[in-house]
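I have placed the structure first, in the form of structure tokens, so that the comments after it can refer back to it.
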Amino acid sequence: MRVNFTVNGRPQEADDVWEGESLLYVLRERLGLPGSKNACEQGECGSCTVRLDGVPVCSCLVAAGQVEGREVVTVEGLAEYAKQREEAHREGGACASGACGTSLDEAKRWEAKPGQDSQTGEGVELSPIQQAFIDAGAVQCGFCTPGLLVAADEMLESNPSPTDADIREALSGNLCRCTGYEKILDAVRLAAARQERQGEAV
């Protein structure tokens, strides 16, 4: 079958998709987006987390046919997605922090712009959560990082001032074998604090 959907703001088409093929396989092997990692293939580790119509999902558990006509954001498109979300909230006046949540209609209107590379994630300024992971030293081997970034970005979008319990709950579906998670939590706290300061400045 042929599957038409939007990935990181760009229309995509995958041909000869077989019935049991996962969204993860299509993203990595057919579209050349290796950011989402293939680890457990059972929805247990979170390494393959992407946003499907704005909602974090384990792409290993989503059949490729289920994404027909839908919107997918991978870690490669996260920076531009966050930037456009912030601009949209700023223009709308409400939710200046950019952390109000994205409606399904808003997610569907997101488009890749000329000059950005949402295929590789190169050539764009990092999203706040990506920069915070670097600044807090939350990246070690990096295998779990894409899924953690996508999950944390969604949590900060809907909850600009999370408690530690909120952060732990949002990231509970993501496993990291390198750390004790403390640097990851520090990174999310840092991104939330920066987001709050930015909201106050606007």
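None of the figures in this text is laboratory data; all of them are computed from the coordinates on show. Not measured: the values here are computed from a predicted model. Note that each Cβ is placed from the backbone with ideal geometry, even for glycine, and that neighbours are counted across all protein chains shown.
Under a point-charge model restricted to the Cβ atoms of Lys and Arg (+1) and Asp and Glu (-1), what is the dipole moment magnitude of segment 139-199 relative to its Cα centre, in debye to the nearest 20? Working shown, then result.
Details: 6 positive and 9 negative charges, 47 e Å.
I would put it at about 220 debye.
Take 171-179, 143-151, 184-192, 73-81 and order them by the average number of nearby Cβ atoms within 10 Å per residue, most first; the result is 73-81, 143-151, 184-192, 171-179.
With the Cα gyration tensor of segment 1-41 giving a ≥ b ≥ c as the square roots of its eigenvalues, does the rule (a/c under 1.5 for rounded; else a/b larger than b/c for prolate; else oblate) give rounded, prolate or oblate?
On the way: a/c = 2.31, a/b = 1.16, b/c = 1.99.
In terms of gyration-tensor shape, oblate.
If R₀ is 41 angstrom, what is the calculated FRET efficiency for the pair A63 and R197, using the beta carbon separation as r and rounding to 0.05? Step by step, r from the Cβ atoms, then E = 0.45.
Provide the FRET efficiency to the nearest 0.05 for the R2-E44 pair, computing r from the beta carbons and using R0 = 30 Å.
On the way: r = 30 Å, r/R0 = 1.02.
Computed FRET efficiency for R2 and E44 comes out at 0.50.
Length available on full extension from Q131 to T163: 0.36 nm per residue minus the Cα-Cα distance, which gives 9.5 nm. Between K183 and E19, residue separation times 0.36 nm minus the direct Cα-Cα distance comes to 55.0 nm.
Which whole number of Å³ per residue matches the convex hull of the alpha-carbon atoms in segment 19-87?
Values: hull volume 5.9 nm³, N = 69.
Here the figure is 85 Å³ per residue.
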